1. From the residues in segment 350-400 that are in a strand (DSSP E or B) and away from the ligand (no atom under 13 Å from the Cβ), which one is farthest from Pro340 (Cα to Cα)?
2. Out of curiosity, is Leu297 modelled with pLDDT of 95 or more, open to solvent by less than 10 Å² (accessible area, probe 1.4 Å) and either under 24 Å from Ile405 (Cα atoms) or within 16 Å of the ligand (Cβ to nearest atom) (or both)?
3. Report the residue count in segment 335-349 for those that are open to solvent by 20 Å² or more (accessible area, probe 1.4 Å) and in contact with a helix residue (DSSP H, G or I) (Cβ under 6 Å, 6 or more places away or on another chain).
4. Can you run down the residue pairs with Cβ atoms below 6 Å, 6 or more apart or on separate chains, where the first is in segment 517-530 and at positive phi and the partner is assigned to a loop (DSSP other than H, G, I, E, B) and surrounded by fewer than 19 Cβ atoms within 10 Å (Cβ to Cβ)?
5. Given the condition in contact with an Asp or Glu (Cβ under 8 Å, 6 or more places away or on another chain) and farther than 30 Å from Ala363 by Cβ, answer yes or no: does some residue in segment 567-579 qualify?
6. How many residues does segment 38-63 hold that are open to solvent by 30 Å² or more (accessible area, probe 1.4 Å), of a type outside the set (D, E, K, R) and either farther than 17 Å from Pro474 by Cβ or within 28 Å of the chain's Cα centre (by Cα) (or both)?
7. Could you check segment 106-117 and list, in sequence order, the residues that are over 19 Å from Asp309 (Cα atoms), surrounded by fewer than 20 Cβ atoms within 10 Å (Cβ to Cβ) and touching a residue at least 12 places away in the same chain (Cβ under 8 Å)?
8. Go through the residues of segment 495-507 one by one and say whether even a single one is buried (at least 21 other Cβ atoms within 10 Å of the Cβ), over 22 Å from the mean Cα position of the chain (by Cα), within 16 Å of the ligand (Cβ to nearest atom) and in contact (Cβ under 8 Å) with a residue 60 or more places away in the chain.
Amino acid sequence: MSEETLSNLMNEQRRFAPPAELAASANVTEEAYERAASDREAFWAEAAERLDWGQKWDQVLDWSNPPFAKWFVGGTINAAVNCLDRHVEAGRGDKVALHWVGEPEDDTRDLTYAQLKDEVCRAANALTELGVQKGDRVAIYMPMIPETVVAMLACARLGAPHTVVFGGFSADALASRVTDCEAKVIITADGGYRRGAPSALKPAVDEAIAKVGDLVRNVLVVRRTGQDVDWAEGRDVWWHDVVDAASAEHEAELHDSEHPLYVMYTSGTTGKPKGILHTTGGYLVGTSWTHWAVFDLKPETDVYWCTADVGWVTGHSYMVYGPLANGSTQVMYEGTPDAPHKGRWWEIVEKYGVTIFYTAPTAIRTFMKWGDEIPAKYDRSSIRLLGSVGEPINPEAYIWYRKNIGGDKAPIVDTWWQTETGQILISPLPGVTSGKPGSAMTPLPGVAADVVDDEARPVPNGSGGYLVLTQPWPAMLRTLWGDDQRFKDTYWSRWEGLYFAGDGAKKDDDGDIWLLGRVDDVMNVSGHRLSTTEIESALVSHPMVAEAAVVGAADEMTGQAVCAFVILRESAGVQGDDLVTELRNHVAKEIGGIAKPRQIMIVPELPKTRSGKIMRRLLKDVAEHREVGDVTTLADSTVMDLIKSKEASAP
Ligand code: WT7
């Protein structure tokens, strides 16, 4: 973010107080902050009482071996039972859990809590039949269909950690994740609907398995689109053959509070994705309490919709575990916002009477571009609360969202968190906080965050620095799958005892927090996290590429966009547009469509320091069309002139 945008942000003076009616009946009030501050562990223990436990815990937090936390030590719990069985047993079995909306029009399904529970029990029995045992890892590579939620909860029920791989990721990305966590079974579908057409998934699974060898014993395939699939006899199994035939009776085992629930891979500053490990008890406490508090959820009357794909952490925490543990009724939509028309989301809001709506700034900016008249055609008056996640929301988008979607009355909760944090940590509370457009405001009750300088000193109000968390929280990651050392090095080594989030932040004069984006080699494109190094190694894996440097450049629509600078090998004959297209497609094949560079510049040299480190800062200046900064530490200071002359001659 440029200095200019930053100072514009800091001059933002608008405030939006909570609506009186909401404040009067809010789930959480001001008092929670004081209570949590006086005894953090007692506060989280009380939040834990909202769940059903087998054995109760003997200790709320064991922080005797930092940074390895244990929460609700000695407690036993089953996440699936908390999400389903307990609601059914309490007489809420007929309540709709999911209003599922397929992308093709009129392709919808409502699933009640009782139906979802039966499906999950059947799937758990079928997985057991396939030899899946407690502790085994199961990969899930699926479209946005109810079976995806069923598959996750069936794994949770068995204590078999799932690793959901976003359906937009490539076969290579799937293969590396399957290998890293040694998944025995992959659950997938023939395909899903996207942008008005079936989009295949099974071929990528076949390709991934060809790469990983005989690690994967079975592939369980949901029939969604009916498209042709290749079939490996003995390995591939249709979901409808084994799940539909299985019993809906399943005795759930209670798992240790620290039993692994899932692994979610996310990009780091190196090429190799990190397997973020979340465990059961603390994660469920953190996600369910924050979902109830931040969205002021009233399970009897609210219809909640989080538009995230279940393949990301937002889908895990705020579509599956948090909302279902709270007994919410929610919408789940399979497709894209423009299929078959640009009003699809608002049509769904109108049809189901959505009251709480949670999406990302990049989507909001897209709707701004499409025009106010599109949402205006639909009745959005049911909406009483709006959420934002994934990147800083710029004040223009905030105001547009509030006015055009929230009817100028619904408060906006700008929620800051990460795959690693598992739960929302910094956010307004809708019944308490007067929101400022562009600020995530303050740490939630029970959360300890600060902004510090290079020496780990908290910065005074009005100054910027690095965002850190100073105390453990229940849904925090426990480690990186199979790599405790990398876990320590990545998050805990910069300053003793502090979790470093990788984000820059500023405290304003009131002490409220404004997030300023990543300070490491991680980009945020449309709220998705991408690593510069990962894309660089994808480019270098192409036979014509000798060297590559990637930067995230500011982009009006996607927040940041991938810009690549590439040096070709001497042997590369063809050049020009065809090659650029080929390289862009190559990155999509290696990682996934979201990683495709917006721009690739073929350059003769890259700016390097004397020790050979690429100075991405200078490339970012070029990509953002700025005056190039200080070049005095370059080994060859003429390199930037060469690159700039290339840029000037580019079409
Ligand atoms: C990074 C985490 C949390 C689920 C989606 C992304 C950025 C996230 C906000 C926000 C400013 C935000 C941060 C963070 N981020 N939410 N409300 N305001 N920045 O999860 O892929 O793990 O990315 O997203 O940079 O570190 P993720």
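1. Only one residue fits best here, namely Leu385.
2. Working: modelled with pLDDT of 95 or more: yes; open to solvent by less than 10 Å² (accessible area, probe 1.4 Å): yes; either under 24 Å from Ile405 (Cα atoms) or within 16 Å of the ligand (Cβ to nearest atom) (or both): yes.
When the stated conditions are applied, Leu297 passes them.
3. Here the count works out to 2.
4. What qualifies is Gly517/Met1.
5. Kept after step one, since they are in contact with an Asp or Glu (Cβ under 8 Å, 6 or more places away or on another chain), are these residues of segment 567-579: 567.
Right, trim to farther than 30 Å from Ala363 by Cβ and you get 567.
Within segment 567-579 (the criterion being in contact with an Asp or Glu (Cβ under 8 Å, 6 or more places away or on another chain) and farther than 30 Å from Ala363 by Cβ), the answer is yes, since at least one residue qualifies.
6. Of the residues in that region, 5 qualify.
7. Hits for segment 106-117 are Thr112, Ala114.
8. Within segment 495-507 (the criterion being buried (at least 21 other Cβ atoms within 10 Å of the Cβ), over 22 Å from the mean Cα position of the chain (by Cα), within 16 Å of the ligand (Cβ to nearest atom) and in contact (Cβ under 8 Å) with a residue 60 or more places away in the chain), the answer is yes, since at least one residue qualifies.
The values are calculated or read from the model by the stated rules, or taken from the named source; none is laboratory data. Keep in mind that this is a model prediction, so the values were computed, not measured. All Cβ positions, glycine included, derive from the backbone under ideal geometry; neighbour counts span all protein chains shown. Accessible surface areas use protein heavy atoms only, side chains included; no ligands, DNA or RNA. Shrake-Rupley method; radii C 1.70, N 1.55, O 1.52, S 1.80 Å.
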